[in-house]
Amino acid sequence: MTSPHDKLAVTLAVNGRDYRIAVEPRRSLADALREDCGLTGTHLGCEHGYCGACTVLVDGVPVRACLMLAVQAHGRPIRTVEGLAGDGPLHPLQEAFRDEHGLQCGFCTPGFLMLAAGVLEREPDIGDEALREILSANLCRCTGYQNIVKAVRAAARRIKEAAGRG
Amino acid sequence: MKPAPFSYHAPSTLDAMLALLAEGGEDGKVIAGGQSLVPMMNFRLARPARLFDLNGVAELDFLRAEGGWLRIGALARHAAFHRPPCGGPTGALLAEVVRHIAHYPIRQRGTFAGSIAHADPASEWCLVAATLGAEIVARSRAGERRIGAGDFFLASLSTALRPDELIVEVRLPILDAGWRTGFCEFSRRVGDFGIAMTAVALRVESGVVREARIGVGGVEDHPARQPAAEQALVGQPVAARAFAAAADAVAGAVRPMEDLHADAAYRRHLARTTTRRALEQACAGSGS
């Protein structure tokens, strides 16, 4: 007879590296990333899907890591804010957030970066209204959002320019 | 803000899922997108002893038009409706409505059928199902039954589904080009739960309403059609006066919930307004 406290073997493929961990079924993906993988870039705000601070990419799509169980992410490609720049230079989104003052305290920033990264990869030519609607998914208490929108727009331009050169 | 302990079961076939439900449906819960269930578990409003994960049952991941119906498999996500999933007024209505459902990341995980099973009073999909007359296809080891949306939603978070049953599919009628659809929702911010919303489908001939389906959600404990408003509209020319009469009929018929967002009088007022606007939207550009 299995107990709900029995740990399950789960492999999380985060930013191209496999993390073999053992977690209870109730462990959220967000907690597993932070506590079991040591990847504390993913922040937890509300833990019920409202604030978006914990947004990560699973299969390339932005999701709330607090509303997904770690066991559900077994074997699926996950990207977190740690993977944006890796050991290299900052990702264009990170540069743009810095340049446009798209952050102040920084708590919500990893969630916004991953939300924007997921969206720009899927829709590089996204319009202003659609982008604002998508960014409304996440909460920021410092910036008033305008600079976040500016930063994502600036990053979208830089990514396109870089692709044009490449 | 962590769920209570549960055992986790992830079958890969529908038969295996139905076997799990037959055996442990009473104290278990099916998870699909989990965008409503997991918050409830985190708040410990829901404490299932077992969690049955539907995501591996690939045979339920479909969305297709067939025989006059849009067949929405249990794993079809909200995001699949960002573009019209079928032609005509039904597809247009669904693509309009989906933009009001929570936020983009939530729509990547949450499922249409999961919203129907959850039966939140303010669920846009439940309102669409009630208004268009969806058929909910429920399967158990004992067999399959099709439940009309009018009989399915019983109260807030309460449906006709038995603990051993699974929604395998929801079917929506694909309306022909003689129909027009409209939707209007009021919420405090983009993505918030709607406080009042109305969905309408009208069949119009020569500028006269021949059939009317008007549904209101977020106002009462479950979304429902509004017969008085529908009767007020049928036989009338498409015009502001008829829309106002239908909106008045809605306001007169609903028994609104009260919560911290809105008292009954305010919800009644909103229901009148969302109804009028949904009707105007449906008939916009048609020479009304």
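Taken together, the values in this text are just the output of simple stated rules run on the coordinates, not laboratory data. As the structure is a computational prediction, the values presented were derived from the model and not from experiment. With ideal geometry, Cβ positions are generated from the backbone for all residues, glycine too; neighbour counts draw on all protein chains shown.
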Worksheet entry | lysines with Cα under 30 Å of B:K29, excluding same-chain neighbours fewer than 8 positions away | A:K7, B:K2
Practice prompt. Quantify how much of the Cα-Cα distance distribution of the stretch B:58-173 extends past 21 Å, in percent.
Written response: 30 percent
Practice prompt. Find, among the trypsin sites (Lys or Arg not before Pro) in the stretch B:1-102, those assigned to loop by DSSP (not H, G, I, E, B) with at most 11 other beta-carbon atoms within 10 angstrom.
Written response: B:R44
Discussion item. With the cut-off at 1.5 for a/c, could you classify the stretch B:179-283 from its C-alpha gyration tensor as rounded, prolate or oblate?
Written reply: prolate
Response to the item:
Here the relative contact order (percent) of the stretch B:141-288, from C-alpha pairs under 8 Å and at least 6 apart, is 23 percent
Worksheet item: How large is the dipole of the protein assembly as shown about the Cα centre if only Lys and Arg carry +1 and Asp and Glu carry -1, each at its Cβ, rounded to the nearest 20 debye?
Response: 540 debye
Worksheet entry | chain B: relative contact order in percent, alpha carbon pairs under 8 Å with at least 6 residues between | 16 percent
Worksheet item: If you line up the Cα atoms of the stretch A:27-67 on their principal axes, what length do they span on each, largest first, in Å?
Response: 23, 22, 17
Practice prompt. Treat every Asp and Glu Cβ in the stretch B:7-56 as -1 and every Lys and Arg Cβ as +1, leave all other atoms uncharged, and give the resulting dipole magnitude about the Cα centre to the nearest 20 debye.
Written response: 260 debye
Worksheet, complete the sentence: Sparse-neighbourhood loop hits (GluC sites (Glu not before Pro), the stretch B:19-88; DSSP loop; Cβ within 10 Å at most 12 others) -> B:E26
Response to the item:
Which residues qualify? For B:A65, with a placed amide H closer than 5 Å and at least 5 residues away or on another chain, they are B:R71
Worksheet item: How large is the Kirkwood hydrodynamic radius of the stretch A:7-134, in angstrom, based on all distinct alpha carbon pairs?
Response: 14.9 Å
Fill in: trypsin sites (Lys or Arg not before Pro) within the stretch A:108-154, DSSP loop, no more than 11 other Cβ atoms inside 10 Å
A:R141
Worksheet item: Rg and Dmax of chain B over Cα atoms: what are they, in angstrom?
Response: 19.0, 61
Worksheet, complete the sentence: When the charge dipole of the stretch B:58-173 is computed with +1 on Lys and Arg Cβ and -1 on Asp and Glu Cβ about the Cα centre, the Cα farthest towards its positive end, among B:L75, B:L132, B:V170, belongs to B:L75
Discussion item. What distance in nm lies between label points placed 7 Å from Cα along the C-beta direction at A:E35 and B:D192?
Written reply: 3.3 nm
Worksheet item: Tilt of helix B:14-24 relative to the longest C-alpha principal axis of chain B, in degrees (0 to 90, nearest 10)?
Response: 80 degrees
Fill in: Charge dipole of the protein assembly as shown about the Cα centre (unit charges at C-beta), most positive-ward option of B:G114, B:P48, A:I148
A:I148
Response to the item:
Once phi for every residue in the stretch B:98-115 is put through the Karplus expression 6.51 cos²θ - 1.76 cosθ + 1.60 (θ = phi - 60°), the whole-Hz ³J(HN,Hα) values, with Gly and Pro written as x, are 4, 5, 8, 8, 6, 10, 3, x, 5, 6, 6, 9, x, 10, 4, 5, x, 5
Worksheet item: Could you give the nm distance between label points at B:A155 and B:E23, where each point is 7 Å from its Cα heading toward the beta carbon?
Response: 3.3 nm
Fill in: Percent of Cα pairs exceeding the 17 Å cut-off, where the set is the stretch A:97-166
37 percent
Fill in: Per-pair calculated FRET efficiency, R0 = 41 Å: A:E161 and B:R44 via Cβ, rounded to 0.05
0.25
Discussion item. Taking each pair of distinct Cα atoms in the protein assembly as shown once, what is the resulting Kirkwood hydrodynamic radius in Å?
Written reply: 23.2 Å
Discussion item. Need the C-alpha centroid separation for the stretch B:1-38 versus the stretch A:138-166, integer Å.
Written reply: 40 Å
Discussion item. Along each principal axis of its Cα atoms, how long is the stretch A:1-75 end to end? Whole angstroms, biggest number first, please.
Written reply: 38, 27, 20
Worksheet item: Across 5 Å bins from the origin, how do the percents of Cα pairs in the stretch B:7-56 run, short distances first?
Response: 5, 22, 32, 24, 12, 4, 0
Worksheet entry | Size descriptor, Kirkwood hydrodynamic radius, that averages inverse alpha-carbon separations across the stretch B:1-134, Å | 15.7 Å
Worksheet item: Based on the Kirkwood radius over alpha-carbon pairs, what is the Stokes-Einstein translational diffusion coefficient of the stretch A:42-92 at 20 °C with 1.002 mPa s viscosity, in µm²/s?
Response: 182 µm²/s
Discussion item. Show me, for the stretch B:257-267, the HN-Hα J-couplings you get by feeding each phi into the Karplus relation (A = 6.51, B = -1.76, C = 1.60, θ = phi - 60°), rounded to Hz, glycine and proline as x.
Written reply: 6, 10, 8, 5, 7, 7, 7, 5, 5, 5, 4
